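Inspection log for the structure reproduced underneath, given as C-alpha cells.
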C-alpha cells in the first residue's frame, strides 16, 4: 500500500464515520425530543383529568397547565430551530415561583413573612434577566 492509498483510505474512513456519527446523533436528538414532548403531553393530560375529577381548577393548577404549555412550546421551538430558547426556561421558572407564591399565601392565610418577599424578589430577578436577554439578542443578534 502506497502513502497515497493510505491517505485516501483514511479520508474515506473519516467521511464514513462523520456520516454515521451525524446520523446517530440526529436520531438520538429526534427520539429524545419526541420522548420529552410525549411526556409533557402525558403529564398535562393527567393533570387536566385530575382537575376535571375534582370538579374545579384552583389557580395553582391552572398555572401548572401554563408550565406544561411553556415546556411544550420550548420543545417545539427547539425541534424547529435546534436552538434552546433560554427565555422559555425563565418563563417556566417565573410561573413555577408564582405558583409557589400563591400556595404560600393560601397556606399562610395572607400573613406577610419573608418567604413572600424572597419569592417576589426571585420573580423580579428573573423578569430582569428576561429583559437583559431580550435586549442583548436585539442589540447583538447571533450570526
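The values are calculated or read from the model by the stated rules, or taken from the named source; none is laboratory data. Computed from a predicted model, the values in this text were never measured in an experiment. Glycine gets a Cβ as well: all are built from the backbone with ideal geometry, and neighbour counts include every protein chain shown.
Listing for the model above:
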| quantity | calculated |
| --- | --- |
| Residue satisfying condition, being free of Cβ contacts under 8 Å to residues at least 24 places away in the same chain and either closer than 30 Å to residue 141 by Cβ or in a helix (DSSP H, G or I) (or both), within set 97, 101 | 101 |
| Any chance residue 132 is free of Cβ contacts under 8 Å to residues at least 40 places away in the same chain and surrounded by 14 or more Cβ atoms within 10 Å (Cβ to Cβ) | no |
| Only listed residue being part of a helix (DSSP H, G or I) and modelled with pLDDT of 90 or more, chosen from 78, 91 | 91 |
| Some residue of segment 48-59 being at pLDDT below 90 and at positive phi | no |
| Given (1) out of contact with any helix residue (DSSP H, G or I) (no Cβ under 6 Å at 6 or more places or on another chain); (2) at pLDDT below 90; (3) not in a loop (DSSP other than H, G, I, E, B), index of the condition residue 1 fails | (3) |
| Conditions (1) farther than 16 Å from residue 60 by Cα; (2) part of a helix (DSSP H, G or I); (3) at pLDDT below 85: number failed by residue 124 | (3) |
| Residue pairs meeting the criteria (Cβ under 7 Å; at least 6 apart or on separate chains; first touching a residue at least 24 places away in the same chain (Cβ under 8 Å), in segment 44-58; second in a helix (DSSP H, G or I) and surrounded by 10 or more Cβ atoms within 10 Å (Cβ to Cβ)) | 44/65; 44/68 |
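Per-residue answers, yes or no, for (1) exposed (fewer than 14 other Cβ atoms within 10 Å of the Cβ); (2) touching a strand residue (DSSP E or B) at 6+ places or on another chain (Cβ under 6 Å); (3) farther than 25 Å from residue 123 by Cβ:
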residue	(1), (2), (3)
40	no, no, no
43	no, no, no
46	yes, no, yes
58	yes, no, no
64	no, no, no
68	no, no, no
78	no, no, no
84	yes, no, no
98	no, no, no
